[in-house]
Amino acid sequence: MPGTTPDSSLDPASALGPVEVRRSARRRRTVTAYRESGRTVVLIPAAFTPAEERRWVAQMVAKLQTREERRRRSMGGDDDLMTRARALSEAHLDGAARPASVRWVDNQQRRWGSCTPADGSIRLSSRLRTMPAYVVDYVLVHELAHLLEAAHDARFWALVARYPQAERARGFLEGVESARADGVAPAGDDDLVD
């Protein structure tokens, strides 16, 4: 892609993956950074000098890392996830869904979550950690509903619909998937503009 350069001046491990710099002739002053398919993308004006590029890339990667770390902390660990699941079950499923375990996993790249009704276990993709809380809650409610109804039938969707932000969250996730399929960066909370 013209105007795209990998930045080798940053340690990829500290940037949570490789860094790709995209220059744009239309971009005059703004710099944006976001995560895309396991890499950090930084959009800069084409007129930036190499020194300005290095400075801005380092600054934006640091801001993005800080934001992601803050979100990870706010989502908590597996115990916090279990507490959250129990509260969502009480609030939206009359407390009927009782998971035996709820945990974050790193091996789900195509699914947002999964549930094994036989043993009551729920797993959420760690990709959700950077998403808004209402989206994480929606995925939890979806998986909790599987504890009550295994199939994606009308009864299941009626249970999921009890979560007031279900449609909004589904739209958000569909947008993320669409952007991922098109290779386009999703706009929103993950963009950093300076």
(message) Suppose we filter region 134-151 for residues that are out of contact with any Lys or Arg (no Cβ under 9 Å at 6 or more places or on another chain) and either modelled with pLDDT under 95 or among the small types (G, A, S) (or both); how many remain?
(response) 2
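Before we move on, is L159 out of contact with any Cys (no Cβ under 6 Å at 6 or more places or on another chain), in contact (Cβ under 8 Å) with a residue 60 or more places away in the chain and buried (at least 16 other Cβ atoms within 10 Å of the Cβ)?
Numbers: out of contact with any Cys (no Cβ under 6 Å at 6 or more places or on another chain): yes; in contact (Cβ under 8 Å) with a residue 60 or more places away in the chain: yes; buried (at least 16 other Cβ atoms within 10 Å of the Cβ): yes.
The answer is yes for L159.
Considering each residue of region 142-156, count those that are within 15 Å of H92 (Cα to Cα) and surrounded by 13 or more Cβ atoms within 10 Å (Cβ to Cβ), and give that number. It would help to see each step written out before you state the result.
From region 142-156, those within 15 Å of H92 (Cα to Cα) are 142-149, 155-156; that's our starting set.
Those left that are additionally surrounded by 13 or more Cβ atoms within 10 Å (Cβ to Cβ): 142-149, 156.
Residues flagged as within 15 Å of H92 (Cα to Cα) and surrounded by 13 or more Cβ atoms within 10 Å (Cβ to Cβ) within region 142-156 amount to 9.
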(request) Determine which single condition V105 fails, assuming it passes every other condition in (1) open to solvent by less than 20 Å² (accessible area, probe 1.4 Å); (2) touching a Phe, Trp or Tyr at 6+ places or on another chain (Cβ under 6 Å). (result) (2)
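Within region 162-194, can you find the residues that are modelled with pLDDT under 55 and open to solvent by 40 Å² or more (accessible area, probe 1.4 Å)? First the steps, then the outcome.
Filtering region 162-194 down to residues modelled with pLDDT under 55 leaves 184-194.
Selection gives V184, P186, A187, G188, D189, D190, D191, V193, D194.
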(request) Please identify the pairs in which a residue from region 75-86 that is among the acidic types (D, E) has its Cβ atom under 7 Å from the Cβ atom of a residue that is open to solvent by 20 Å² or more (accessible area, probe 1.4 Å), counting only partners at least 6 apart or on another chain. (result) D78/R103; D78/W104
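Based on what the data block shows, is L124 in contact (Cβ under 8 Å) with a residue 60 or more places away in the chain, aliphatic (A, V, I, L, M), open to solvent by less than 70 Å² (accessible area, probe 1.4 Å) and under 27 Å from H146 (Cα atoms)?
Considered against the rule, which asks whether it is in contact (Cβ under 8 Å) with a residue 60 or more places away in the chain, aliphatic (A, V, I, L, M), open to solvent by less than 70 Å² (accessible area, probe 1.4 Å) and under 27 Å from H146 (Cα atoms), L124 comes out as no.
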(request) Working only within region 24-40, note down all residues that are open to solvent by less than 10 Å² (accessible area, probe 1.4 Å) and either in a loop (DSSP other than H, G, I, E, B) or at pLDDT 90 or above (or both). (result) V31
(request) Working carefully through the options W56, W104, find the one that is touching a strand residue (DSSP E or B) at 6+ places or on another chain (Cβ under 7 Å) and under 18 Å from V135 (Cβ atoms). (result) W104
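Answer yes or no as to whether L140 is touching a residue at least 60 places away in the same chain (Cβ under 8 Å) and in contact with a Leu (Cβ under 7 Å, 6 or more places away or on another chain).
Numbers: touching a residue at least 60 places away in the same chain (Cβ under 8 Å): no; in contact with a Leu (Cβ under 7 Å, 6 or more places away or on another chain): yes.
Against the criterion (touching a residue at least 60 places away in the same chain (Cβ under 8 Å) and in contact with a Leu (Cβ under 7 Å, 6 or more places away or on another chain)), L140 does not qualify.
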(request) Inspect region 51-70 for any residue being modelled with pLDDT of 90 or more, loosely packed, with under 14 Cβ neighbours inside 10 Å and either among the basic types (K, R) or under 30 Å from I122 (Cβ atoms) (or both) and give the result as yes or no. (result) yes
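The values are calculated or read from the model by the stated rules, or taken from the named source; none is laboratory data. Values in this document were obtained by computation on a predicted structure and should not be read as measured data. FYI the Cβ positions are ideal-geometry reconstructions off the backbone, even for glycines, and counts take in every protein chain you see. Protein only, heavy atoms only, side chains kept; ligands, DNA and RNA dropped before computing areas. Shrake-Rupley method; radii C 1.70, N 1.55, O 1.52, S 1.80 Å.
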